[in-house]
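Trainee: This is the structure, below, for whatever I ask next.
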Amino acid sequence: MATARSFWKGHLRLALVTIPIRLVSATASEDKIALHQVDKKSKQRIRYQKVAGESGKVVPQSDIVQGYELDDGNYVLFDADELDKLKLSTRHTVELTEFVEACSIDPLYFDNPYYVLPDGDVAEEGYRIIRDALRATKKYGVGQLTMRGRENLIAMKPCGDGLMIETLRYASEVRDADEIFDGIGNEKLRPELVGMAKQLIDERTRKFNPADFKNHYAEALRKLVKEKVEGGLSTEVSGGEEQPSGGTVIDFMEALRRSTEKSGSKPAAPSKTKTAASRQKREPVKRAPAKTPKKKSRARG
């Protein structure tokens, strides 16, 4: 088993079964480039100090405590010992209190993933039993876990040969989609437009492979850093592809048609059902040319 740094150790509990486990972060930040604020003249990094309110007085770390703000602006202060004495069973134990269908949790609720490992050889058998049972039933175990000073709602699921915990957002942390999208029209769309859009989706549908996607900004930034270190003058970002303009596409039908033609397929046939209004719009009525009015002759004196 590969050694990985664990940031939480505790127990996994299922009814009367308790297994020692440890958590390992499932994500890496190696591809991220951190930029810092630097003084242009001295070339020194900008540092932030902890100051007190309006006085601007720098406060030493030893004098800083946690506080809860009341409605009147005053604070209830807590020492670190007082917060540690709060008896939360989830501080050291993940208890799976219920199980749900794997597809019943909206992806909107998922937050951060963590790998779960058995902590010691004795724990491995029970760990594998829970893993295989979850896999066979296609269920997620739901429970709570306290880490980094916060009690998190979690879902546990099989992941490869092991288990994974994903922290979930609480219902109060998710905004109601109906309120956000209220006001978007529900008028019937032209079937030919939807047909061409579906055709584009079908042509570009494939199995998702995250390795196919690169962080182009990070690569360009690394290149720029290297050029500056080596004394190069070029600051041009490679790529050369034409950037999409910010203008509004007026003829959506034409844009879809061009997209399907570019992909080498024939555009979807227009719908056979046409309303009288659409026929009139696309097939203008031929009119006879207007007659030129005769000029009236003026009497000569």
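Trainee: On the given criteria, is Leu153 surrounded by 10 or more Cβ atoms within 10 Å (Cβ to Cβ), free of Cβ contacts under 8 Å to residues at least 60 places away in the same chain and closer than 30 Å to Asp84 by Cβ?
Mentor: Values: surrounded by 10 or more Cβ atoms within 10 Å (Cβ to Cβ): yes; free of Cβ contacts under 8 Å to residues at least 60 places away in the same chain: yes; closer than 30 Å to Asp84 by Cβ: yes.
Yes, satisfied.
Trainee: Looking only at the range 53-83, count how many residues are surrounded by 10 or more Cβ atoms within 10 Å (Cβ to Cβ), of a type outside the set (S, T, N, Q) and either at pLDDT below 85 or in contact with a helix residue (DSSP H, G or I) (Cβ under 9 Å, 6 or more places away or on another chain) (or both).
Mentor: Of the residues in that region, 4 qualify.
Trainee: Now a separate question. Mind checking whether some residue in the range 168-186 is among the hydroxyl-bearing types (Ser, Thr, Tyr), touching a residue at least 40 places away in the same chain (Cβ under 8 Å) and touching a Leu at 6+ places or on another chain (Cβ under 7 Å)? Break it down stepwise before answering.
Mentor: First pass over the range 168-186, keeping only residues among the hydroxyl-bearing types (Ser, Thr, Tyr): 170, 172.
Of the ones still in play, those that are also touching a residue at least 40 places away in the same chain (Cβ under 8 Å) are none.
No, there is no match, as no residue in the range 168-186 is among the hydroxyl-bearing types (Ser, Thr, Tyr), touching a residue at least 40 places away in the same chain (Cβ under 8 Å) and touching a Leu at 6+ places or on another chain (Cβ under 7 Å).
Trainee: Go through (1) surrounded by fewer than 18 Cβ atoms within 10 Å (Cβ to Cβ); (2) closer than 19 Å to Val100 by Cβ; (3) touching a helix residue (DSSP H, G or I) at 6+ places or on another chain (Cβ under 8 Å); (4) modelled with pLDDT of 95 or more and name the single condition Gly162 misses.
Mentor: Going through (1) surrounded by fewer than 18 Cβ atoms within 10 Å (Cβ to Cβ); (2) closer than 19 Å to Val100 by Cβ; (3) touching a helix residue (DSSP H, G or I) at 6+ places or on another chain (Cβ under 8 Å); (4) modelled with pLDDT of 95 or more one by one, Gly162 breaks only (2).
Trainee: Hey, another quick one. For Asn152, all conditions in the list (1) closer than 12 Å to Ile165 by Cβ; (2) touching a helix residue (DSSP H, G or I) at 6+ places or on another chain (Cβ under 6 Å) hold save one; what is the number of the exception?
Mentor: In the conditions (1) closer than 12 Å to Ile165 by Cβ; (2) touching a helix residue (DSSP H, G or I) at 6+ places or on another chain (Cβ under 6 Å), Asn152 misses (2) alone.
Trainee: If you don't mind, another one. Answer yes or no: is there a residue in the range 51-73 that is within 27 Å of Val122 (Cβ to Cβ), under 35 Å from the mean Cα position of the chain (by Cα) and not in a loop (DSSP other than H, G, I, E, B). Please lay out each step first, then the result.
Mentor: First pass over the range 51-73, keeping only residues within 27 Å of Val122 (Cβ to Cβ): none.
No, the range 51-73 has no match at all.
Trainee: If you don't mind, another one. Specify which of the listed residues (Lys50, Lys41) is touching a residue at least 12 places away in the same chain (Cβ under 8 Å) and over 24 Å from Thr146 (Cβ atoms).
Mentor: The unique qualifying residue is Lys50.
Trainee: Next up: Among all residue pairs at least 6 apart or on different chains, which show Cβ distances below 9 Å where the first residue, located in the range 107-127, is within 15 Å of Trp8 (Cβ to Cβ) and the second is exposed (fewer than 13 other Cβ atoms within 10 Å of the Cβ) and hydroxyl-bearing (Ser, Thr, Tyr)?
Mentor: Close Cβ pairs satisfying both conditions: Asn112/Thr27; Pro113/Thr27; Tyr114/Thr27.
Trainee: I'd like the full set of residues that are among the acidic types (Asp, Glu) and either surrounded by 10 or more Cβ atoms within 10 Å (Cβ to Cβ) or under 17 Å from the mean Cα position of the chain (by Cα) (or both), limited to the range 177-217. Steps first, answer last, please.
Mentor: Keep residues of the range 177-217 that are among the acidic types (Asp, Glu), which gives 178-179, 182, 187, 192, 202-203, 212.
Selection gives Glu192, Glu203.
The values are calculated or read from the model by the stated rules, or taken from the named source; none is laboratory data. Because the structure is predicted, anything quoted here is derived from the model rather than measured. In this analysis, Cβ positions are derived from the backbone assuming ideal geometry, glycine residues included, and neighbour counts consider all displayed protein chains.
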